[in-house]
Amino acid sequence: MQAEKVADHITQWLKDYHQTSHTKGFVVGVSGGIDSAVVSTLCARTGLPVLVMEMPIRQSANEIRRSHAHINWLKSTFPNVRAGEVNLTEVFETFQAT
């Protein structure tokens, strides 16, 4: 597999999508897993504004550490990346109780 070519193709597709969607950038939830790490990195490679959000719901300390590490790496590597956090555990538990 030619990983760099695939990544370049997806990055270009994201740029093209952005132009036709008339959005201001991308918002990606970062969980500490590989899926969100790949998606957020591909979005960051576009050079367009990217907001990565940590939205934990009963996450383990290890998952939170991984998401923080990835978010910090993104912000230090790509100047177009900003980050935010909203802990959704209480909201989820309220919803679950209802």
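The values are calculated or read from the model by the stated rules, or taken from the named source; none is laboratory data. Quick caveat: nothing in here was measured; it's all calculated off a predicted structure. Every residue, glycine as well, gets a Cβ built from its backbone with ideal geometry; the counts of neighbours run over all protein chains shown. Just so you know, the surface numbers come from the protein's heavy atoms only, side chains and all, with ligands and any DNA or RNA stripped out. Shrake-Rupley method; radii C 1.70, N 1.55, O 1.52, S 1.80 Å.
So which residues in the stretch 75-98 are surrounded by 11 or more Cβ atoms within 10 Å (Cβ to Cβ), assigned to a loop (DSSP other than H, G, I, E, B), polar (S, T, N, Q) and more than 14 Å from the chain's Cα centre (by Cα)? Spell out how you get there, then give the answer.
From the stretch 75-98, those surrounded by 11 or more Cβ atoms within 10 Å (Cβ to Cβ) are 75, 77-78, 80-85, 87-89, 91-93; that's our starting set.
Subset that is assigned to a loop (DSSP other than H, G, I, E, B): 78, 80, 87-88.
Filter once more, keeping what is polar (S, T, N, Q): 80, 87.
Of everything in the stretch 75-98, just one residue is surrounded by 11 or more Cβ atoms within 10 Å (Cβ to Cβ), assigned to a loop (DSSP other than H, G, I, E, B), polar (S, T, N, Q) and more than 14 Å from the chain's Cα centre (by Cα), namely N87.
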Checklist line | Every residue from the stretch 38-51 that is hydrophobic (A, V, I, L, M, F, W, C) and in a helix (DSSP H, G or I) | finding: V38, V39, L42, C43, A44
Check: Filter the stretch 17-37 for residues that are open to solvent by 70 Å² or more (accessible area, probe 1.4 Å) and not in a strand (DSSP E or B); which is modelled with the lowest pLDDT?
Finding: H22
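Looking at R65, R45, can you tell me which residue is surrounded by fewer than 17 Cβ atoms within 10 Å (Cβ to Cβ), touching a residue at least 12 places away in the same chain (Cβ under 8 Å) and among the basic types (K, R)?
The match here is R65.
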Next item on the list: Kindly list, by first and then second residue, each pair from a residue in the stretch 16-37 that is more than 17 Å from R65 (Cβ to Cβ) and free of Cβ contacts under 8 Å to residues at least 24 places away in the same chain to a residue that is of a type in the set (V, I, T) and surrounded by fewer than 20 Cβ atoms within 10 Å (Cβ to Cβ), limited to pairs with Cβ atoms under 6 Å and residues at least 6 apart or on different chains.
Entry: none
Notebook entry, point to check: Can you name the condition, by its number, that M53 falls short on among (1) under 22 Å from V86 (Cβ atoms); (2) of a type outside the set (S, T, Y); (3) open to solvent by 40 Å² or more (accessible area, probe 1.4 Å); (4) in contact with a Gly (Cβ under 9 Å, 6 or more places away or on another chain)?
Noted result: (3)
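Could you count how many residues in the stretch 52-72 are part of a helix (DSSP H, G or I) and either touching a helix residue (DSSP H, G or I) at 6+ places or on another chain (Cβ under 6 Å) or farther than 12 Å from V30 by Cα (or both)? Talk me through it step by step, then tell me what you get.
Within the stretch 52-72, the first condition is being part of a helix (DSSP H, G or I), and the residues that meet it are 61-72.
Still in the running and either touching a helix residue (DSSP H, G or I) at 6+ places or on another chain (Cβ under 6 Å) or farther than 12 Å from V30 by Cα (or both): 61-62, 70.
Count: 3.
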